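Everything below concerns the one structure shown next.
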Amino acid sequence: MANERIIEVSGTIKHAYPLQTLHQGRSDGQGEEEEAFGDAFSIGSGPCGLDASSVVAWELEIGTTFQTCYVYLYDKWADKVQNFQRHYRVQLKGLGLVALDRWDVGHDTEDVKRCYLVAEPQVIKRTSERLPRLVPRPQGVSIEISYEEPQRLLESDQVRYLPATTITARDVYGVTVEAPKSMVLEVPKPPKANPRGKRTLREVSGVTAASSSSYSYTNLAELIPGFANFYGVVVNMSLPKHSEGRDYYMGVYLVDESCPKRSEAIQVMVFYPSFDQMPKLLHVGDIIRFHKARITRYQDRIQGVCTSRASRYLVMRESPNGKPDLQTCSASWTFEDFDIQRFNQLTIWWKEALPKDTTLPPSCPQPPRMIGDMQFAESFVDILVRVLHIQLPDQDSAAARLVVWDGSGDSSECLDLYERLRTQRDAAFVPEKGLLMEIFVDSCWVVIEHMGFLPRLKTQWCRFRNLAVSTETGTGGKAWFELHFREVSSLVLVPESVTDVQTRLCLQGIDPQEMVYAADHEEVQPPPESEQHMEGEPALPSVTTQIPQRIADKIAVTSIQNILSGSKVPHKYHCLAHVVRVWPSDYQKLTKVQDATTQSYVYSFVLRLADSSGELDVIVHGSDAEHFFHGIPPCDLTKHTSSRALLEKRLTALCEAKDPLHWCVKAYHVASQSSESDKRPVRYRLFDTLLRTVT
């Protein structure tokens, strides 16, 4: 029993080929001719075709990867599922399920894919004897097929699924004609055919998910090609630009409860003939509703397209009184009780979910860089900053100039900007320390104004994307950096609760909203000495660790003593422990050069974890370390940078944490020449653990 492995596959049926009778043993050869003719319009009868009497074949699309595999179901199994069709969600698992890594459909094609076989034991046995190298013997007879039947939403190309139903091997092999009615499994009845003879999905009847609305809406994770109505929360966007044709276009990335991670956000491309018709999206957290948006596939991802011909949008944003502000280009639109309810649901959801999400949107390969680390930036950079002052374009300068700050860097390098900022009565605030930098808006200033950003730029954190970086040399050979907002650049306002903003607030140890100069520019009084940290430094931030919820809920905590004595390697553990040591103790040596030509660095260090049962040295390296220090990419720590200062604060706070923290640890064997696993050394590494500051 220890070697038994349950095979499992799940996905959505992309193509469902009808029940095919297999003509075995025909002496006149007519059976082979008919089967070959049928195979030309299907994926064939599969490996068991010569040993079974009937077959149903599926091409199954696995998850959101859009990779496909083949599934062949024979005889009694084929009879049970003959009415399944496209869009059915299915999950197959069991010891009796047979998986083949490669199966060639034939017909002079190169269509070789993974294949799964569902058949009675005697059929699999005959095929395995005939093709011993191709078809392995199953380890049992248990097979379960769970399916969710789709129903077409009214006046929509989208579907909604009924609750899951399961077919088991007992249902297939054990039900007889004399069986009581309660034992007989009800399978879907054949759907009605349309005038062209094709099978169609049944329409949703009775109460729908949006029964109080005039429209049916689909969750983002359930979108399929066609037209759809859906809601989404904005996590990223690009500013409207003029296309090569006559339209303006912009990209919007959306999430919802069914698709909560920013890395899995659905992109919607919006096209309208004029700039005034474009959605006026400003904030991460804005909510947008689309009607009749076209859903397509682009680069193996679901993508939405909104055009002026058929689609409509409605932007919703929470106002100070809690009610939604609405914006659309349509002459008329609906906003019913259901829409208010859905707006409130999504608003409550994103305020709780987005601060916990540490992933990045698909268009953002790296976290925003701190301006104090600009010497490590390449030609273009993303930053997350507060705008302190705006100098509008005038006769002397055609470009608008923004003075920005994020709390990082050395204020002594920009004393002239500090002096100029103190003379501006409309400055948002004057920070006590930190590098100031200027952004020159060489283009798109009209776009920024017309979108409605200008009144909000100095009140919220702003994420600037794809800013061009230029280096200027002043007197004495000293270099400084200028940032330029170009056609490819973009902007979005970010709430203070997200992880990247909290990282920057930790540099100061206080909320920058409190650092506001009065209209007469009186100096901000320092806090009492009793509230100051030693030597004038801000107090250390409180830190904690975050592990995936599935591990915290389902994996019990293991003591360090049991981890060290565990005989199963490789193996993953969940432990609760303090950090008693970081090695190397010199934090400047926590990174090392990975590629001298590109001057790229990699994290590599050891944390010593301890609980009441013992101590354990855990290696933190590479991508696991980058996840652990989210928002602090590896760099040269021998230089005095904001990344180094922030890293030192977090590690010091980690070692001083009073409560034990959660850790995900994996035991593995070190590669060696010895083939005996019990003689190879065992090491432990960190995975799926994130270090977070506690606000």
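Each reported figure results from applying straightforward, stated rules to the coordinates on display, with no laboratory input. Fair warning: this is a prediction, and the values are worked out from it, not measured in the lab. Glycine gets a Cβ as well: all are built from the backbone with ideal geometry, and neighbour counts include every protein chain shown.
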**Q.** Pairs beyond 19 Å (Cα-Cα), from Lys323/Lys458; Lys241/Lys280; Lys261/Lys572; Lys554/Lys666
**A.** Lys323/Lys458; Lys261/Lys572
Q: List, in order, the whole-Hz ³J(HN,Hα) value for each residue of region 453-467 obtained from phi through the Karplus relation with A = 6.51, B = -1.76, C = 1.60 and θ = phi - 60°; use x for Gly and Pro.
A: 6, 3, x, 9, 4, 8, 10, 9, 5, 10, 9, 9, 10, 6, 7
Q) Between Glu419 and Leu134, 0.36 nm times their residue separation minus their Cα-Cα distance comes to what? A) 94.8 nm
Q.
Please compute one quarter of the surface area of the Cα convex hull for region 542-694 and express it in square nanometres.
A. 10.4
Q.
Can you give me the convex hull volume of the Cα atoms of region 405-480, divided per residue and expressed in Å³?
A. 126
Q. So how far, in whole Å, is the C-alpha centre of region 615-669 from the one of region 289-314?
A. 41
Q. Given the Cα atoms of region 371-518, and with Rh set as the inverse mean 1/r over their pairs in the Kirkwood sense, what is Rg to Rh to two decimals?
A. 0.93
Q: Kindly provide the Kirkwood hydrodynamic radius of region 220-356 in Å, to one decimal, from all pairs of distinct alpha carbon atoms.
A: 15.2
Q | Difference of contour (0.36 nm per residue) and Cα-Cα distance, Ala221 to Asp617 | A | 138.5 nm
Q | For a label point 7 Å along the Cα-to-beta-carbon line of Asp426, residues of region 390-416 with backbone N under 17 Å | A | 390-404
Q.
I need the phi-derived Karplus couplings for region 664-669: 6.51 cos²θ - 1.76 cosθ + 1.60, θ = phi - 60°, integer Hz, Gly and Pro marked x.
A. 9, 10, 10, 8, 8, 8
Q) Of the listed peptides 635-642, 382-389, 164-171, what is their order by residue-averaged count of other C-beta atoms within 10 Å, with the highest listed first? A) 382-389, 635-642, 164-171
**Q.** Estimated dipole of region 336-495 in Debye, rounded to 20 [Cβ of Lys and Arg +1, of Asp and Glu -1, Cα centre]
**A.** 280
Q | Phi-based couplings in Hz for region 626-643 (Karplus 6.51, -1.76, 1.60; Gly and Pro marked x) | A | 5, 5, 4, 9, 3, x, 10, x, x, 8, 6, 7, 6, 9, 7, 10, 5, 4
